[in-house]
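Engineer: So that we are looking at the same thing, I have put the structure below in structure tokens.
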Amino acid sequence: MDSRYNPAAIEEKWQQTWAELGLDKTPTNSAKPKFYALSMFPYPSGSLHMGHVRNYTITDVIARLKRMQGYRVLHPMGWDAFGLPAENAAIDRGVPPAKWTYQNISQMRQQLQRLGLSIDWDCEVATCSPDYYKWTQWIFLQFLQAGLAYQKEAAVNWDPIDQTVLANEQVDNEGRSWRSGAKVERKLLRQWFFKITDYAEELLNDLDKLTGWPERVKLMQANWIGKSTGAYLEFPIVGLDEKISVYTTRPDTVYGVSYLVLAPEHPLTQRVTKKEQQAAVDAFVQEVANQSELERTAEDKPKRGIPTGGKAINPFTGEELPIWIADYVLYEYGTGAVMGVPAHDARDFKFANKYNLPIEFVIVEPEAVADKDFSITTPDEDGEVSNIIQVEYNEAYTEPGILINSGQFSGIASTDAKQAIVEYAEQQGFGKARVQYRLRDWLISRQRYWGAPIPVIHCPNCGIVPVPDKDLPVQLPEEVEFTGRGGSPLTQLESWVNVPCPTCGTPAKRETDTMDTFIDSSWYFLRFTDAKNEQQVFDSSKTNDWMPVDQYVGGIEHAILHLLYSRFFTKVLRDRGLLNFDEPFQRLLTQGMVQGLTYMNPNKGGKDKWIASHLVDLANPRDPQTGEPLQRLYATMSKSKGNGVAPEDVINKYGIDTARMFILFKAPPEKDLEWDEADVEGQFRFLNRVWRLVTDYIAAGVSKKKADISNLTKPEKELRRAIHTAIQAVTEDVEDEYQFNTAISELMKLSNALTDSSSKTSPIYAEGIETLVVLLAPFAPHIADELWHLLGNSDSVHTQTWPAFDPAALIADEITLVIQIMGKTRGAIQVPSQADKAALEKYARESEVAQRYIEGKEIKKVIVVPGKLVNFVIG
């Protein structure tokens with residue numbers, strides 16, 4: 001027998017064996033309880049990074065444990081394969097997006113398979129494959145039939161050079177396109193939306209059902225949905241038979257409104273603008289149109305505006321208010337108009353001071369009005385309502401308080417005044433209570449090629465016509481040219497665009513927009529349950545059997561959009577009769593990032609400040625170009641920082657099991673992990689110790705026989721207690737809290753107990769050796785299976801039943817009792833574990849440790865803490 005641990009040979013052997021045995025295949029035996037373990041699927045960039053290794057190792061440990069606990073496990077993998085990087089590759093490298101994507105998928109699949117993950121590759125899906133996006137298109141048509149998909153004009157970030165829409169994340173802080181460098185414009189385009197706002201209340205309320213989710217993720221979703229209770233108020237426009245509608249959560253401040261602000265894109269902007277202001281307003285509107293949403297709403301950007309010359313009437317006071325337009329008001333938010341209350345809103349306060357607009361305080365601290373009489377609120381003989389209190393602040397007062405100068409509502413607490421003012425507005429017909437959400441309908445259009453085509457046809461007679469189911473999928477044509485200019489290549493393919501209307505036969509045109517890639521990832525977990533179904537999106541009986549996902553693992557960066565959209569899809573498909581559950585993911589684990597030692601020159605800006613590790617003298621880290629000293633810190637691994645560690649380098653040196661053990665041991669899964677080569681080496685040494693421990697036991701040729709646990713020696717009892725303590729602790733750590741780091745610590749304790757045991761010929765020692773190998777199996781699956789085989793077993797360790805601990809074995813015959821004199825520890829003794837307080841005091845008094853200090857002295861008091869200590873207080 002080879003006493004050396006050879007990771008490469010073992011890993012290759014057992015991965016081939018697992019494939020032959022089909023251990024990773026999804027069982028169909030519904031008699032067993034199900035467990036669906038899922039990691040967020042990756043974008044096929046072409047190479048794995050350590051973040052991938054961490055994500056998939058965590059899920060794999062859970063999947064392996066559940067199989068050993070008797071569950072039928074679904075543990076699939078796929079590819080989030082549409083998206084802009086493939087088009088950029090086509091432009092930069094001249095490689096078609098499909099070819100580039102499938103090459104990357106093939107490469108990353110091989111890398112994942114090398115990790116020894118217990119994935120059922122028969123369930124594999126790629127969102128760019130027609131047999132997947134056919135059903136993405138079918139789901140879109142379900143939304144269309146349900147009235148949840150629609151088109152409308154929307155303001156978008158427009159790159160005038162690349163002729164494409166940009167997400168906010170693709171616009172830099174100077175308002176330029178991340179790719180072309182062009183100044184981004186705001187442009188109105190006809191876009192497709194999903195009506196997620198119809199489900200806002202249910203998405204918010206059902207967060208309470210997600211007891212297995214981190215609280216911070218639920219809070220992030222709740223804030224994104226952003227439910228607020230307020231008022232919808234209408235301000236008549238002077239000289240026009242129209243009104244400006246605003247939504248406010250602070251109706252209690254309505255008597256302090258000193259101006260109204262419209263978004264530059266608001267339809268009323270031109271109608272309220274006076275002739276003398278027209279040129280200035282037009283110039284301002286054009287200037288704002290050339291700004292991105294990010295530029296307009298950034299907190300650190302000064303807010304700019306211009307008066308239109310128009311006026312509106314405050315229906316509560318009858319006063320005329322100037323109407324302005326400003327860059328910080330967006331037409332897509334709320335009503336596209338806001339009421340300016342500078343006295344009680346920090347942003348409005350700055351804006352009013354900048355443009356010398358009135359600031360009228362109508363809420364003050366309760367102390368400021370404690371002795372004031374608010375009874376004089378009726379008009380006097382001149383028809384004026386008395387201003388009872390004059391007050392000034394150096395900044396906006398935004399706290400609750402008492403209303404002043406607010407007509408009949410003066411003297412009322414602002415929290416109570418909100419409802420009273422809304423009720424009054426409803427009675428008078430110029431307002432009403434309203435619940436509003438920050439959440440907006442989901443814009444799903446992309447003016448790009450590499451995405452699922454939106455399956456509708458635009459007919460001059462019939463309007464929007466859905467593509468018939470029998471004609472799905474609407475396939476992406478492959479013979480397209482990528483220049484990076486002029487918008488999507490689809491718009492240039494007349495042979496693809498021009499088609500007859502499916503309803504009337506009139507010449508019509510296909511929709512050339514493709515879908516947001518978040519659409520693909522919003523339902524992939526459903527397809528995994530019936531991945532090869534060619535007749536249906538999925539068989540509902542199979543999907544309802546496997547769903548919801550029992551454990552979902554992925555990055556915190558997806559805490560809002562991906563998870564929110566997936567919840568939305570689930571609820572819509574439930575309402576379409578396809579699903580019988582409300583939420584897709586029962587438990588969620590958001591793993592931390594993998595960080596590497598990073599070197600930064602604080603005197604440089606941008607990407608230049610990061611200095612790649614291989615260019616640095618680690619003993620004296622200085623900038624190789626300038627000689628300036630560098631700062632050392634841990635930062636998320638990335639190519640730009642030059643701090644990455646390639647998984648294959650670690651695997652080639654130490655093996656897969658060592659890489660897995662380090663990833664799991666270094667930090668709790670939800671925390672960031674700092675990469676340290678010394679800690680990797682430490683895990684390699686531990687696996688070598690386990691290898692020697694087992695092979696030495698085998699070489700000793702100890703015969704196996706069943707232990708008589710009723711007649712064990714003291715060393716055997718201690719070893720058995722260590723074995724069953726490990727079983728209990730590892731099970732609890734992995735099953736309940738996913739504290740893999742402490743579970744591995746328990747394995748180390750068991751290994752030490754076996755190493756130090758004086759009962760190496762005992763059946764209990766044999767039990768300990770086998771238990772250690774079985775407990776190690778989910779964490780280091782290759783070495784565990786090899787050691788299991790060397791122990792004389794013909795089957796795989798991964799088919800074994802997960803061990804259960806014996807509660808009786810955890811009870812110690814003796815415990816260590818600390819002896820203290822006047823609160824200071826003087827020693828310890830061994831005493832029976834079942835001894836009561838009186839017996840513990842007797843054992844302590846008679847001990848040699850205590851006698852050295854209490855003999856011949858007066859004992860004033862004895863403090864006994866059962867199971868821990870006895871403290872003697874002496875005179």
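Every number in this text was worked out from the coordinates using simple rules, so none of it is lab data. Keep in mind that what you see is a predicted model, and the values were worked out from it rather than measured. Here Cβ is always computed from backbone atoms with ideal geometry, including for glycine, and neighbour counts include all displayed protein chains.
Engineer: Using the Karplus curve 6.51 cos²θ - 1.76 cosθ + 1.60 with θ = phi - 60°, work out ³J(HN,Hα) for each residue of segment 682-692 in order, rounded to whole Hz, and write x for Gly and Pro.
Structural biologist: x, 5, 5, 5, 4, 5, 5, 5, 5, 4, 5
Engineer: Would you kindly derive the ³J(HN,Hα) couplings of segment 793-798 from the backbone phi angles with the Karplus curve 6.51 cos²θ - 1.76 cosθ + 1.60 (θ = phi - 60°), listing them in order in whole Hz, with x for Gly and Pro?
Structural biologist: 9, 8, 9, 8, 4, 6
Engineer: Next up: Report the Stokes-Einstein translational diffusion coefficient (µm² s⁻¹, integer) for segment 684-841, Rh taken as the Kirkwood radius over Cα pairs, at 37 °C with viscosity 0.692 mPa s.
Structural biologist: Value of D from the Cα-based Kirkwood radius: 191 µm²/s.
Engineer: For the chain, take the longest principal axis of its alpha carbons; what is the angle in degrees between that and the long axis of helix 561-575, to the nearest 10 within 0 to 90?
Structural biologist: 80 degrees
Engineer: Same structure, new question: Only helical DSSP H runs with n ≥ 4 go in: add -39500 (n - 2.57) per run for the chain, normalise by residue count and round the 222 nm mean residue ellipticity to 500 deg cm²/dmol.
Structural biologist: That comes out to -10500 deg cm²/dmol.
Engineer: Let me ask something additional. As an exercise, take the mean of 1/r over every pair of distinct alpha carbons in segment 814-874, invert it, and state the Kirkwood radius in angstroms.
Structural biologist: 11.2 Å
Engineer: Hey, another quick one. Give the span of segment 574-704's Cα atoms along each principal axis, as three whole-Å numbers ordered largest to smallest.
Structural biologist: 67, 64, 21
Engineer: Can you give me the pair-distance distribution of segment 553-595, C-alpha pairs, 5 Å bins, whole percents?
Structural biologist: Once binned at 5 Å, the Cα pair distances of segment 553-595 give 5, 21, 25, 19, 14, 8, 4, 2, 1.
Engineer: Taking amide H positions as placed 1.01 Å from N in the peptide plane, with prolines and chain starts having none, which residues 5 or more places from residue 325, or on another chain, fall under 5 Å of its amide H?
Structural biologist: Counting only residues 5 or more places away or on other chains, the set is 262, 306, 308.
Engineer: Looking at the chain, which longest stretch skips every one of the GluC sites (Glu not before Pro) that is in a DSSP loop with at most 12 other Cβ atoms within 10 Å, leaving the sites themselves out?
Structural biologist: 535-854
Engineer: Can you give me the angle between helix 7-21 and the longest principal axis of the chain, using Cα atoms only, in degrees from 0 to 90, rounded to the nearest 10?
Structural biologist: Tilt of helix 7-21: around 80 degrees.
Engineer: Compute the distance from the alpha-carbon center of segment 50-72 to that of segment 499-537, in whole Å.
Structural biologist: Centre-to-centre distance over Cα atoms comes out at 32 Å.
Engineer: Continuing with the same structure: For segment 767-875, just run the numbers: alpha carbon Rg, then divide by 2.2 N^0.38 Å, N being how many residues it has.
Structural biologist: 1.76
Engineer: Antiparallel as a % of all DSSP beta bridges within segment 738-875, to the nearest 5?
Structural biologist: Percent antiparallel among DSSP bridges in segment 738-875 is about 80.
Engineer: Identify all aspartates and glutamates with a Cα-Cα distance to residue 470 below 14 Å; exclude those on the same chain that are fewer than 8 residues away in sequence.
Structural biologist: List returned: 131, 534.
Engineer: Moving to a separate point now. Could you tell me how far the Cα centroid of segment 714-728 sits from the Cα centroid of segment 116-139, in Å?
Structural biologist: 47 Å
Engineer: Could you state the orientation-averaged shadow area of the convex hull built on the Cα atoms of segment 188-276, in nm² to one decimal?
Structural biologist: Mean orientational projected area (segment 188-276, Cα hull): 9.7 nm².
Engineer: Related question: Could you give log10 I(q)/I(0) at q = 0.14, 0.27, 0.31 Å⁻¹ for segment 594-645, computed by the Debye formula over C-alpha point scatterers of equal weight, without solvent?
Structural biologist: Each listed q corresponds, in turn, to -0.28, -1.06, -1.34.
Engineer: Can you tally the net charge around residue 673? Count Lys and Arg as +1, Asp and Glu as -1, for every other residue whose Cβ sits under 11 Å from the Cβ of residue 673.
Structural biologist: -2
Engineer: I've got another one for you. Write down the percent of antiparallel bridges among all DSSP beta bridges whose residues are both part of the chain, to the nearest 5.
Structural biologist: Just about 75 percent of them are antiparallel.
Engineer: Over the Cα atoms of the chain, what radius of gyration and what Dmax do you get, in Å?
Structural biologist: Final numbers for Rg and Dmax: 35.1, 115 Å.
Engineer: Let me ask something else. What number, in percent, do you get for the relative contact order of the chain if the mean sequence gap of Cα pairs under 8 Å and at least 6 apart is divided by its residue count?
Structural biologist: 13 percent
Engineer: List the lysines whose Cα lies under 20 Å from the Cα of residue 749, skipping any in the same chain that are fewer than 8 positions away.
Structural biologist: Within the straight-line cut-off, residue 749 pairs with 666, 714, 717, 760.
Engineer: So, R0 is 60 Å and r is the distance between the beta-carbons of residue 704 and residue 110; what FRET efficiency does that work out to, to 0.05?
Structural biologist: 0.90
Engineer: Summing +1 for each Lys or Arg and -1 for each Asp or Glu, what net charge is found among the other residues whose Cβ lies under 15 Å from the Cβ of residue 646?
Structural biologist: So the surrounding residues net to +2.
Engineer: I've got another one for you. Let me check I've understood the local charge: for residue 223, count other residues with C-beta under 11 angstrom from its C-beta, Lys and Arg +1, Asp and Glu -1. What total comes out?
Structural biologist: Its environment carries a net charge of +4.
Engineer: Next question. Under a 5 Å amide H to amide H cut-off, with H placed in plane at 1.01 Å, what residues pair with residue 588 once short-range neighbours are removed?
Structural biologist: HN-HN under 5 Å from residue 588: 213, 552.
Engineer: Still on this structure, please answer the following. Amide H of residue 244: which non-local residues (sequence gap of 5 or more, or other chain) have their own amide H closer than 5 Å, using H built in the peptide plane?
Structural biologist: Hits under the 5 Å cutoff: 235, 237.
Engineer: If I take all pairs of Cα atoms in segment 300-349, what percentage of them are more than 15 Å from each other?
Structural biologist: For segment 300-349, the fraction of Cα-Cα distances above 15 Å is 55 percent.
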